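Contents: one structure, followed by commentary.
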Amino acid sequence: MKTAIKWFAGFFEDQKGSASSKRGVLYICMFFFYMLVKGSLEGKVIDSQVLYMVTGIILFCIGAVASEFFNGTLIKKE
């Protein structure tokens, strides 16, 4: 059971092992995006501004996590 919890918590950690709020926001917004797509497939009307805002937050978080990854692994700070 502890292994499963550590594995799940690893989704929210950065390369140093500390909690990353950017990843948490990314997963929450991806869930909202999933709900918007699911609703639109069921025929519900989706406000375009909400869709653009959620998509923008997702793209920003992906960029922030990617830059955090590359700054931490490729560039060694002295």
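The values are calculated or read from the model by the stated rules, or taken from the named source; none is laboratory data. Since the model is a prediction, treat every value here as computed from it, not as a measurement. No Cβ is skipped: glycine too gets one built from the backbone with ideal geometry, and neighbour counts run over all protein chains shown.
A few notes on this one:
- When each of LYS77, LYS44, LYS6 is tested for being at pLDDT below 75, in a loop (DSSP other than H, G, I, E, B) and loosely packed, with under 11 Cβ neighbours inside 10 Å, the lone residue that passes is LYS77.
- LEU51 vs. criteria at pLDDT 85 or above, in a helix (DSSP H, G or I) and closer than 24 Å to ASN71 by Cα: no
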